[in-house]
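Below is one structure, written out as structure tokens; comments come after it.
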Amino acid sequence: MSPKARTAPVPAATDPAIIRNFCIIAHIDHGKSTLADRMLQLTGVVEPRDMKAQYLDRMDIERERGITIKSQAVRIPWEVDGTAYCLNMIDTPGHVDFTYEVSRSLAACEGAILLVDAAQGIEAQTLANLYLAMENNLTIIPVLNKIDLPAAQPEKYAAELANLIGGKPEDVLKVSGKTGMGVEELLDQIVRELPAPVGNPDAPARAMIFDSVYDTYRGVVTYVRVVDGKLSPREKIQMMSTRATHELLEIGVSSPEPVPSKGLGVGEVGYLITGVKDVRQSKVGDTVTTFLKPAAESLGGYQDAKPMVFSGLYPLDGTDYPVLRDALEKLMLNDAALVYEPETSAALGFGFRVGFLGLLHLEITRERLEREYKLDLISTAPNVEYEVTLEDKKVIQVTNPSEYPTGKIAEVREPMVAATILAPNEFVGAIMELCQSRRGIMGGMDYLSEDRVEIRYRLPLAEIVFDFFDILKSKTRGYGSLDWKADGEQVADLVKVDIMLQGEQVDAFSAITHRDKAYAYGVMMTGKLRELIPRQQFEVPIQAAIGARIIARENIRAIRKDVLAKCYGGDISRKRKLLEKQKEGKKRMKMVGRVEVPQEAFIAALSSDDTSKDKSKK
Amino acid sequence: MTPPSTLPLGDPAPADGLLPAQAADGAAGRRFSLYAHIPFCAVRCGYCDFNTYTATELGGGASQAAYAATAVKEITFAARALDLSGVPARPMGTVFFGGGTPTLLPAGDLTAILAAAVDQWGLAADAEVTTEANPDSVTADSLRELADGGFTRVSFGMQSAVPHVLKVLDRTHNPQRVPQAVAWAREAGLNVSVDLIYGTPGESMADWETSVRAALSYEPDHISAYSLIVEEGTKLAAQIRRGQVPDIDDDDHAAKYELADALFAEAGLHWYEVSNWARTPADACRHNLAYWRGDDWWGVGPGAHSHVGGVRWWNVKHPTAYAGRLEQGLSPAAGRETLDPATRDVERIMLGSRLAEGLAVETLTPAGRAAVAGLIAAELVDPRAAFAGTLVLTLKGRLLGDAVTRALLD
Ligand SMILES: Nc1nc2c(ncn2[C@@H]2O[C@H](COP(=O)(O)OP(=O)(O)OP(=O)(O)O)[C@@H](O)[C@H]2O)c(=O)[nH]1
Ligand SMILES: C[S@@+](CC[C@H](N)C(=O)[O-])C[C@H]1O[C@@H](n2cnc3c(N)ncnc32)[C@H](O)[C@@H]1O
Ligand code: SF4
Ligand SMILES: [Mg+2]
């Protein structure tokens, strides 16, 4: 048994040979953050009285939902055979929307702990994250977690893991993040098995930015991993992509609270504060060097996170538009994956078209805007980005259905994904049926073990981002898991479906769909609206159309009675209050032509069940 | 007519029953009415939300026998409180006994309550004195006794002439009883009204026509016809929620209203309020008009509402609590609201627009006046009356009366 380190190695004076940089990667909910808790505790960096579950999930939204959204790097000491080592541990998110966070973290490490829930086995994001780790040439330590669970099957899944990575089942470590069992052995093994970082201490400094976060008090905090040379306080640093220089106001390590240091040397992970206000000036993937002795060549960067789904965000109350604008600006400081631009909707007024990594990202962003900035928002039906080529060869990127060109279209291309689905083999038929109905092309199928298969499909992004995962879960009785990544695009037979109320087009309800699904969308939306829009004093036809062709229609009959039959002495106060309530209600109406549409109707019509909270965990 | 059983939220009412100063302003020039609530019924009808109790519901607490004496106590209290508040005593222009089932009490109790009020305030020469009555709770003798004691008018809860409809409504009377009761009332010299309910689950258009024609065949002076309201918390609401009884339907209500209005008009009864029709203008229920015109009235009884000069208040609901308050010489009021001029104007438009006599267009706000053209275009307001300066609802407008009110108050 290893004691916790008596003297922790000091930053800027730590021999790379005693540094181990690793991240914890896993499928969502397999227990990364809980394992990280035990490490914080065992190494003594968090006092027992300060300990709380998923200590590193610090955002309110992370704590409420019980998921990690942002990676967190922590420097922890650990002693093996009398030598105090310095470990940099990074807890990563498991949800597919935040895969880009994982890839950034991997670039700061030499090793990865591949954690697998011993009651669930390997799942889709286990494979995806393992693949990313191998691409980064990381040393992988497979670990089974939650062995305290009665439903755990450590033997079975150790065999599955060994089969996947190579090695022997008995070499797979078994731990419980909950009880702490096996965690000390795991720390020892990290020290023994993971390679120490290598770099040239005398070369010009080069540090890789793997995260950049805006903090109201400290400004932008930039997280780096030093590869060569050394960074010191009050030095002038330079961003290699832009050649912009900044004064280094503070440099330090997170342990897990920020601790200023005398600098950072080869292999070390820590943070920099320069006083810049925008994370974009301290871009993830960029290389930091010093102004006086700049490096010649930057480290390889990462690709920018690319938005995958787009939705219009509108304040319910039009006068809140400036608040929404400022709020988005602030959120963007912290979330390099967020992109937006202003747009106007005839039905909803002024708002923004915002690009997200996926539906969870959308939902979380929306929730933060509503909560932290006290906004009431309508978000339009999410859609993917299309590339439309006109007959005159002009190419237009369409992220908002109402901008879909009406003129002569030569070709429309839609984004595609490579999807990996893992499930018990009895569900293969159901999964294939589902993927085929979503225009998927099968890529291949492998058995991970006797009864578990990995199925690969190429699918249009638009077919999987919305309700696909929920349907997959229900078709596989909860056992199926899904991972996907962007995989080019394809030409497709797409059309724009418009929705009209009393002949008046409502841009917020327009959608781009595959031609075969246009009718279903039209029927669904007109039906929903018929239920949601109250009867008016006149008849209101609701139509769905492709161009001038009507593909579905519903009718809201005129209201014939709207009067309280009895109104006597005792009813007067009650009736007056009812009237006042109705008048309040009228303020929340949006006018579409002469039709009064309650804002709730917009919200309900535009929300699909898959954006509801309880289903957000994937 | 009677207060709904849920009381509004308002300000606390003082125990001495004194009114804010605004109640006395100009009171000498205003009319005064009395409402007396009788909170007892033989059985509770499944649709009914009124503040009324059967003997079993009361469980022996507040006794029916002692009720008249309690009501008289409130009358004495009322006269004193008005006097101390600077509101001059005015003879009662109208009196209305509502329920519950007032005629469940002996006729002598009702006339005693009336007599106590007359003692306090006097009765106008041409006063209208009405009681509500269930058809099976009256006899020729009891009606004569009421007439002798000063009553001028009786309003029978007929509801329907069709047995299966009466059954859904939980009404216990035999439909044959209604013409009988009407005839007795006439013999006693009383003016007669009947109440009808339309749109009961399971009522066909033909059923409704049968009821309307039956009511007309008794040649009443006045008819009230209400679309069935499904009040929260009633047995009917629960039956509908559980799917045991089909839900009511606004379109069905509209069609039945149109049918009734046509048949009433053909028989010489004309609408003077959205749900009320009278043979001649003199047959209109003046007590109800007092409510709609914003007159002063004191409401006696548990849960009863009152209004004096823009002050509205309502009594505690339960008969036992009510009697207890009066026993201690305290005001039985549970809460009240003092309306500011703007709110009084909202009420004036809300209530006045329901009347055939209409609202003077010049009394509307500029925004309300601007809405009139649109209401004419939508065929909700009579154009000719509007040209002459009065806003009067069309038939379509009566059915969409609340929408008209909202438009006028925008
Ligand atoms: N019984 C048991 N439960 C565990 C163990 N480790 C984690 N859990 C539970 O599993 C759930 C998920 O744990 P987290 O640590 O948040 O999982 P995660 O992998 O960080 O999740 P994401 O960051 O959202 O991907 C929580 O309810 C934990 O309490 C364990 O060893 N045993
Ligand atoms: C206080 S009630 C009762 C009078 C008497 N107890 C009776 O039922 O005949 C007065 C009238 O209100 C009407 N009414 C009561 N509840 C109603 C409801 N839920 N919907 C429509 N009208 C109702 C009935 O027409 C009833 O005759
Ligand atoms: S008899 Fe009249 S007051 Fe009594 S419960 Fe029936 S409807 Fe209501
Ligand atoms: Mg986590």
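The values are calculated or read from the model by the stated rules, or taken from the named source; none is laboratory data. Nothing here was measured: the structure is a model prediction, and the numbers come from that model. Using ideal geometry, Cβ is built from the backbone for each residue, glycine included, and neighbour counts are taken over all protein chains shown. Surface accessibility is based on the protein's heavy atoms, side chains included, excluding ligands, DNA and RNA. Shrake-Rupley method; radii C 1.70, N 1.55, O 1.52, S 1.80 Å.
Values computed for the structure shown
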| read-out | value |
| --- | --- |
| Test set (1) within 16 Å of ligand 3 (Cβ to nearest atom); (2) open to solvent by less than 10 Å² (accessible area, probe 1.4 Å) - B:Val95 fails condition number | (1) |
| Of all residues making up segment A:20-67, the number that are β-branched (Val, Ile, Thr), more than 11 Å from ligand 4 (Cβ to nearest atom) and in a helix (DSSP H, G or I) | 1 |
| Selection status of B:Glu128, at pLDDT below 95 and not in a loop (DSSP other than H, G, I, E, B) | no |
| Cβ pairs under 6 Å, 6+ apart, first in segment B:165-176 and in the same structural domain as B:Asp136 (by TED's automatic domain parsing) and within 20 Å of B:Ala238 (Cβ to Cβ), second open to solvent by less than 50 Å² (accessible area, probe 1.4 Å) and in a helix (DSSP H, G or I) | B:Val165/B:Asp207 |
| Single residue of B:Thr152, B:Thr111, B:Thr101 found to be under 24 Å from B:Ser63 (Cβ atoms) and either more than 16 Å from ligand 2 (Cβ to nearest atom) or at pLDDT below 95 (or both) | B:Thr111 |
| B:Tyr226 vs. criteria in contact with a His (Cβ under 8 Å, 6 or more places away or on another chain), within 14 Å of another protein chain (Cβ to nearest Cβ) and touching a residue at least 40 places away in the same chain (Cβ under 8 Å) | no |
| Residue satisfying condition, being more than 46 Å from the chain's Cα centre (by Cα) and either at negative phi or surrounded by fewer than 18 Cβ atoms within 10 Å (Cβ to Cβ) (or both), within set A:Val592, A:Val563, A:Val597 | A:Val563 |
| Filter result for B:Gly309 (within 15 Å of ligand 2 (Cβ to nearest atom), modelled with pLDDT of 95 or more and closer than 20 Å to B:Arg336 by Cβ) | no |
| Criterion: among the hydrophobic types (A, V, I, L, M, F, W, C), within 14 Å of the chain's Cα centre (by Cα) and surrounded by 16 or more Cβ atoms within 10 Å (Cβ to Cβ) - qualifying residue of B:Ala214, B:Ala255, B:Ala290, B:Ala267 | B:Ala290 |
| Exclusive hit being more than 20 Å from the chain's Cα centre (by Cα) and either surrounded by fewer than 24 Cβ atoms within 10 Å (Cβ to Cβ) or over 24 Å from A:Val284 (Cβ atoms) (or both), set A:Glu123, A:Glu64, A:Glu47 | A:Glu47 |
| Failed condition for B:Leu169, given (1) open to solvent by 10 Å² or more (accessible area, probe 1.4 Å); (2) within 16 Å of ligand 2 (Cβ to nearest atom) | (1) |
| Which listed residue is part of a strand (DSSP E or B) and not assigned by TED's automatic domain parsing to the domain that holds A:Ile431, from A:Ile572, A:Ile499, A:Ile559 | A:Ile499 |
| Given (1) free of Cβ contacts under 8 Å to residues at least 40 places away in the same chain; (2) small (Gly, Ala, Ser); (3) open to solvent by less than 60 Å² (accessible area, probe 1.4 Å), number of the condition A:Gly443 does not satisfy | (3) |
| Number of positions in segment A:508-548 that are closer than 21 Å to A:Ser345 by Cβ, in a helix (DSSP H, G or I), touching a residue at least 24 places away in the same chain (Cβ under 8 Å) and not small (Gly, Ala, Ser) | 7 |
| Segments classed as strands (runs of 3 or more DSSP E), wholly inside segment A:320-423, with at least 3 members that are touching a Phe, Trp or Tyr at 6+ places or on another chain (Cβ under 7 Å) and surrounded by 17 or more Cβ atoms within 10 Å (Cβ to Cβ) | A:339-345, A:349-356 |
| For B:Asp340: the one exception among (1) open to solvent by 40 Å² or more (accessible area, probe 1.4 Å); (2) at the interface with chain A (Cβ under 10 Å from one of its Cβ atoms) | (2) |
| The lone exception for B:Glu357 - which of (1) out of contact with any Pro (no Cβ under 7 Å at 6 or more places or on another chain); (2) facing another protein chain (nearest Cβ under 10 Å) it fails | (2) |
| Top-ranked residue of segment B:45-67 - restricted to ones that are open to solvent by 60 Å² or more (accessible area, probe 1.4 Å) and in a loop (DSSP other than H, G, I, E, B), ranked as modelled with the lowest pLDDT | B:Gly60 |
| B:Thr320 closer than 23 Å to B:Phe40 by Cβ, of a type in the set (Ser, Thr, Tyr), more than 9 Å from every other protein chain (Cβ to nearest Cβ) and open to solvent by 10 Å² or more (accessible area, probe 1.4 Å) | yes |
| Complete set of residues in segment B:392-410 that are more than 7 Å from every other protein chain (Cβ to nearest Cβ), closer than 18 Å to B:Asn276 by Cα and of a type in the set (A, V, I, L, M) | B:Val392, B:Leu393, B:Leu395 |
| Criterion violated by B:Pro175 - all others in (1) modelled with pLDDT of 95 or more; (2) within 15 Å of ligand 2 (Cβ to nearest atom) satisfied | (1) |
| Residues of segment B:249-286 classified as under 14 Å from A:Tyr568 (Cβ atoms), facing another protein chain (nearest Cβ under 9 Å) and not in a strand (DSSP E or B), total | 2 |
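Per-residue answers, yes or no, for (1) within 14 Å of chain A (Cβ to nearest Cβ); (2) within 16 Å of ligand 3 (Cβ to nearest atom):
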residue	(1), (2)
B:Arg153	no, no
B:Ala161	no, no
B:Arg171	no, yes
B:Asn174	no, yes
B:Glu187	no, no
B:Thr200	yes, yes
